[in-house]
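Chemist: Below you will find the structure I want to go over with you.
What follows draws every value from the coordinates through simple rules; no lab data is involved. What you see is a predicted model, and the numbers here were worked out from it, not measured in a lab. Reconstructed Cβ throughout: ideal geometry from the backbone, glycine too, with neighbour counts over all protein chains shown.
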Amino acid sequence: MRHTFVKVSLATALLCAALLPGARSAQEKPKVNHTSLKVGDSAPDFTLLDNQWKQVHLSDYRGKKNVVLAFYVLAFTEG
Amino acid sequence: MAKLEASDAVVFGISIDSPAANNAFAQKIGVTFPLLSDMNRKVLKQYGILKMYDVQKEEYDWAQRTTFVVDKRGVIQSVEEEASAINPNSAIAVCTKLPKK
């Protein structure tokens with residue numbers, strides 16, 4: 001069953017690729033990925049290094065603090 | 001920032017920069033909250049905000065500018081993308097309204 005599903009998915013993907021030649025042309029605008037997370041969803045946990053090389057776990061703040069996650073593009077650039 | 005702290009919130013900035021770059025950036029702009037490094041883009045993928053940027057005809061995958069407010073239960077209370085994510089006022093407003101306990 002699972003095997004069939006994989007086959008069908010693969011076939012669909014290949015068909016889409018064949019039907020959309022040059023879908024990613026050089027002129028294409030940067031692709032915008034809108035997050036699929038919405039209000040009411042659980043925030044996926046993560047462990048990341050802070051700017052002092054110390055690990056930060058999102059789950060450490062559960063039950064303690066509200067957390068604002070501000071994703072930015074690159075350091076030393078506007079915004 | 002003071003308003004956010006008063007609302008019992010902590011703030012993290014997150015990008016694909018190294019901790020060293022983030023530390024220099026933090027000192028330059030004088031931020032008091034931690035800047036986190038998602039160097040392998042794992043969290044950006046988890047949160048679905050990896051975006052392709054064209055720089056001199058080369059593609060780079062960096063973060064889409066996005067602000068999430070996560071409450072104490074770990075539930076997302078607000079999502080702001082692009083231009084609206086730059087202004088912190090609405091994130092502050094969301095935090096202020098959240099229950100203190």
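Chemist: In the structure shown, do any of A:Lys54/B:Lys45; B:Lys42/B:Lys97; A:Lys65/B:Lys51; A:Lys54/B:Lys28; B:Lys72/B:Lys97; B:Lys45/B:Lys97 have a Cα-Cα gap over 24 Å, and if so which? Don't skip to the end; give the middle numbers.
Modeler: Numbers: A:Lys54/B:Lys45 22 Å; B:Lys42/B:Lys97 31 Å; A:Lys65/B:Lys51 29 Å; A:Lys54/B:Lys28 20 Å; B:Lys72/B:Lys97 13 Å; B:Lys45/B:Lys97 29 Å.
Table pairs above 24 Å Cα-Cα are B:Lys42/B:Lys97; A:Lys65/B:Lys51; B:Lys45/B:Lys97.
Chemist: What is the average number of partner chain Cβ atoms found within 10 Å of a Cβ in B:71-82?
Modeler: 6
Chemist: Please report, in debye to the nearest 20, how large the charge dipole of the stretch B:2-97 is about its Cα centre when each Lys and Arg carries +1 at its beta carbon and each Asp and Glu carries -1 there.
Modeler: That gives a dipole near 240 debye.
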